[in-house]
Amino acid sequence: MDTKTSHLIDASIGQVFTPLKWAEWLINRWSIFDAWLDGAHICDPTAGQGAFALAMLHIAQRKGIAITPERLSRLTLIEIVPSHLERFRQNVKQEFGVDFPDSQTFCQDVILEPHQKKYDILVGNPPWANFGDLPTVYKARVKPFFLVEGLVPDRQKMLLGSSRIDIAALVLKVVLGRLLKNNGFGYFYLPTSLFFGDGAHSGFRSYSTRDSRTPLAAHRNFAVDTVYEFTTTKVFEGVNTSYCCAKFQGDTRQSFPVTYFRELDRKWVEHKALPLKNPADAWRVVQNLDALNTGATLEVSLSPEQMPRQGVNTCGANRVFIFDGKPSHLPEAFLYPLATKEIWRQPASLPCKWILLPYHQQTGKPLTWHQIEQCDALREHLQNAQDVLQARKGTFLRSAINRGNWWALLGVGPYAFAPFKVIWEAYGKRQFNPIVLDSVDGQVWQGNQAMHAFIPCWTEHDAQRVKTALENPEIPDLLRQLNGAGKCNWAQPGKIKKILAFE
């Protein structure tokens with residue numbers, strides 16, 4: 001077992017262990033065990049405690065098939081955490097009475113460290129963690145690989161929405177490019193966001209990879225062959241992320257539609273998946289290709305200032321900025337009604353929550369400290385929370401804080417103070433119900449972080465026009481096809497931008 005490297009990553013980041021029975025399920029689903037008996041060399045490139053290799057040995061034991069040195073020599077585990085590999089070797093010795101060969105276990109980081117062998121089949125469950133959530137030191141080390149592998153076009157994009165790229169996307173590109181023999185196959189449990197993420201995973205959906213250690217290396221194609229999406233069965237307890245398992249084939253150009261099985265009433269129902277418009281777009285899933293008659297884009301006349309937006313984001317400081325009821329101790333000029341679910345349940349709802357925005361309405365920029373000092377109550381409130389506000393994280397927020405605006409928020413600009421908003425619930429819903437909000441006591445409504453999205457309008461007539469356009473029944477049909485129903489990306493601004501064709 002190679003243990004030459006030092007590991008700078010918190011091993012628990014993105015770690016999702018595969019239960020043994022579900023490792024067996026995947027192996028049986030795609031006849032991986034039979035391929036092993038027929039001589040295939042198989043590798044788990046992010047092995048954890050070796051669930052997939054253990055599953056192969058359990059199947060052999062149940063079938064009365066001898067676990068020979070030759071067969072063991074065709075099972076390989078690569079894992080970043082030495083103790084996981086040691087635990088695997090102990091389990092093999094205890095359960096099967098054999099010593100797993102040292103030559104077949106490698107303590108390596110498959111992204112950062114070279115691995116010389118190639119395999120007929122890759123199988124496993126790569127770590128699930130967004131780039132933005134990785135430890136700082138490790139993030140700096142892997143960032144160049146995200147760029148070289150084409151997961152983001154430039155470093156600036158790593159600071160924007162692309163920070164939501166899952167490291168699973170990078171691991172897959174690396175192992176399909178480096179470790180797979182020509183025309184080999186890969187079988188993995190994965191977050192479904194790799195196929196349905198609006199912008200963050202479009203780079204993964206280039207369906208090509210190259211050796212990220214050699215920037216001038218030729219691209220190598222891969223294709224997604226089949227996907228099984230779990231909707232009710234809990235493969236991974238305690239995991240809220242939507243997930244699937246997928247079959248990949250190396251050195252093959254991606255073609256559509258992809259065979260896509262979705263779990264319905266504990267049965268697998270076959271669907272077809274294909275991109276919304278362009279090959280790198282998020283997938284649409286339909287049971288019948290006739291459903292593709294739904295238009296992929298809808299013409300709505302909107303100005304550049306009317307791009308869909310997300311609500312105001314306090315970046316973890318809700319207690320400082322958001323209040324149940326309108327606080328009497330703060331100046332009304334900076335208090336705004338905050339949208340909550342009640343406004344979609346009652347036709348003339350009064351605000352349940354209010355949000356403090358120490359901003360210029362005309363410019364959408366934060367007040368200066370000199371201006372804040374003109375109001376003792378506002379100054380005192382912010383000063384009491386200064387330590388909390390200055391400790392907030394996030395690249396763009398830190399930039400504002402470093403400029404001295406430690407009371408800033410995200411999602412605030414001139415659009416936030418438009419007198420009318422066509423607003424909808426964007427997170428975790430199954431229905432698309434846009435409504436028009438104007439103002440309460442002269443103060444315009446604000447959306448609440450990712451819960452809401454909106455299109456700003458500057459006249460009531462225009463707001464009603466946009467609302468009518470968004471009530472087209474094809475929009476919720478498309479949103480459901482884009483696999484967002486009940487999920488966090490149900491109707492987020494990026495997805496709506498793809499659906500609408502702006503003039």
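None of the figures in this text is laboratory data; all of them are computed from the coordinates on show. If you're wondering where the values come from, they're calculated on a predicted model, not measured in any experiment. Quick reminder, even Gly has a Cβ in these numbers, built from the backbone with ideal geometry, and neighbours come from all protein chains shown.
Details
- Folded to 0 to 90 degrees: helix 51-62 orientation relative to the chain principal axis, Cα: 40 degrees
- Computed helical MRE - 222 nm, the chain, DSSP H runs ≥ 4 contributing -39500 (n - 2.57), nearest 500: -7500 deg cm²/dmol
- Inter-label distance for Arg71 and Glu113, nm, one decimal - labels placed 7 Å from Cα along Cα-to-Cβ: 2.9 nm
- Taking the number of Cβ atoms within 10 Å of each Cβ as an exposure proxy, the fewest-first ranking of Trp369, Trp344, Trp36 is Trp369, Trp344, Trp36.
- Segment Ala501-Gln346, length gained on full extension (0.36 nm per residue, minus Cα span): 52.7 nm
- With a Förster radius of 56 Å applied to the beta-carbon distance between Gln383 and Asp102, the computed FRET efficiency rounds to 0.35.
- Inter-part distance where segment 23-57 and segment 244-265 are each reduced to a Cα centre, Å: 19 Å
- Using alpha-carbon coordinates, inclination of helix 460-470 to the longest axis of the chain, degrees: 20 degrees
- Label-point separation in nm, Lys93 to His360, each point 7 Å along Cα→Cβ: 7.1 nm
- Full extension of the chain between Asp34 and Asn288 yields a length gain of 88.1 nm, computed as 0.36 nm times the residue separation minus the alpha carbon distance.
- Angle in degrees between helix 167-178 and the longest Cα principal axis of the chain, rounded to the nearest 10: 40 degrees
- Label-to-label distance, Met307 versus Glu270, with points set 7 angstrom from Cα along the beta-carbon direction: 4.2 nm.
- Directionally averaged projected area (the chain, Cα convex hull): 26.1 nm².
- Centre-to-centre, using Cα atoms only, segment 341-417 and segment 443-503 are separated by 24 Å.
- Student exercise, the chain dipole from Lys, Arg, Asp, Glu Cβ charges, in Debye to nearest 20: 580 debye
- Positive end of the dipole of segment 304-502 (Cβ unit charges, origin at the Cα centre): among Thr368, Ser349, Leu478, the Cα lying farthest that way belongs to Leu478.
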